[in-house]
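Visitor: Attaching a single structure in structure tokens format; questions to follow.
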Amino acid sequence: DDGDGVNNNLDKCPGSLPGKPIGVDGCELFNGVIEGVNFETGSARLTANAQRVLDKAAAELRKFPQVKIQISAHTDDQGDENYNLKLSRERVVSVATYLGSRGVAKSRLSGRAYGESRPIASNATAEGRARNRRVELVQSK
């Protein structure tokens, strides 16, 4: 019913907009947390697992060369707030550089650093802090 071409009984995102790249589940491909692209505390270096995840993201992005992406990077709340903002900027650069090395034109990528300001989990636990050290890819105009 939402015009995305996915049958209603299979559509997990019934409000998706027509014309946006979507997956077989009816959800936008480039809109949200990229699971597995997390960082160690105080680091912008991509882990081997993060590289594997970004390799898959790059392959999808190459299929849709018209799509522009905003890379949003986040940190946990450990340490100084200004340091965390700087670190999230470094994470944007790290991800953009990696995607560029995998054939995604840098002109398609923009970045936004949020530091510790937008947690998705509690910073009171190690697991929550790990989830907050993340990257999100969101389709931009």
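The values are calculated or read from the model by the stated rules, or taken from the named source; none is laboratory data. Quick caveat: nothing in here was measured; it's all calculated off a predicted structure. Virtual Cβ from ideal backbone geometry, glycine too; neighbours counted across all protein chains shown. Protein only, heavy atoms only, side chains kept; ligands, DNA and RNA dropped before computing areas. Shrake-Rupley method; radii C 1.70, N 1.55, O 1.52, S 1.80 Å.
Visitor: Could I have the simple spin-label model distance between A59 and D80, label points 7 Å from Cα toward Cβ, reported in nm to one decimal?
Guide: Inter-label distance under the simple model: 4.2 nm.
Visitor: Which number gives the lysine pairs in the chain that have C-alpha atoms under 14 Å apart and are eight or more places apart or on different chains?
Guide: 5
Visitor: Something else: Any idea of the accessible area per residue across the chain, 1.4 Å probe, to the nearest Å²?
Guide: 55
Visitor: What FRET efficiency comes out for the pair S117/V93, r = Cβ-Cβ distance, R0 = 25 Å, nearest 0.05?
Guide: With a Förster radius of 25 Å, E is 0.85.
Visitor: Let me ask something else. Calculate how steeply helix 81-101 sits against the longest principal axis of the alpha-carbon atoms of the chain, using the helix alpha-carbon long axis, and give the answer as 0 to 90 degrees to the nearest 10.
Guide: Once rounded, one gets 50 degrees.
Visitor: Using DSSP, restrict attention to beta bridges with both residues in the chain and report what percent are antiparallel, rounded to the nearest 5.
Guide: Working: 11 of 17 bridges.
Here the antiparallel bridges make up roughly 65 percent for the chain.
Visitor: What fraction of the Cα pairs in the chain, stated in percent, has a spacing above 24 angstrom? Could the numbers behind the result be given before it?
Guide: Working: 3388 of 9870 pairs.
It works out to 34 percent of all Cα pairs.
Visitor: Moving on to the next point. Tilt of helix 48-63 relative to the longest C-alpha principal axis of the chain, in degrees (0 to 90, nearest 10)?
Guide: 30
Visitor: Return the long-range amide H neighbours of K68 (sequence gap of 5 or more, or a different chain), with a cut-off of under 5 Å between placed amide H atoms.
Guide: It is S140, by chain and number.
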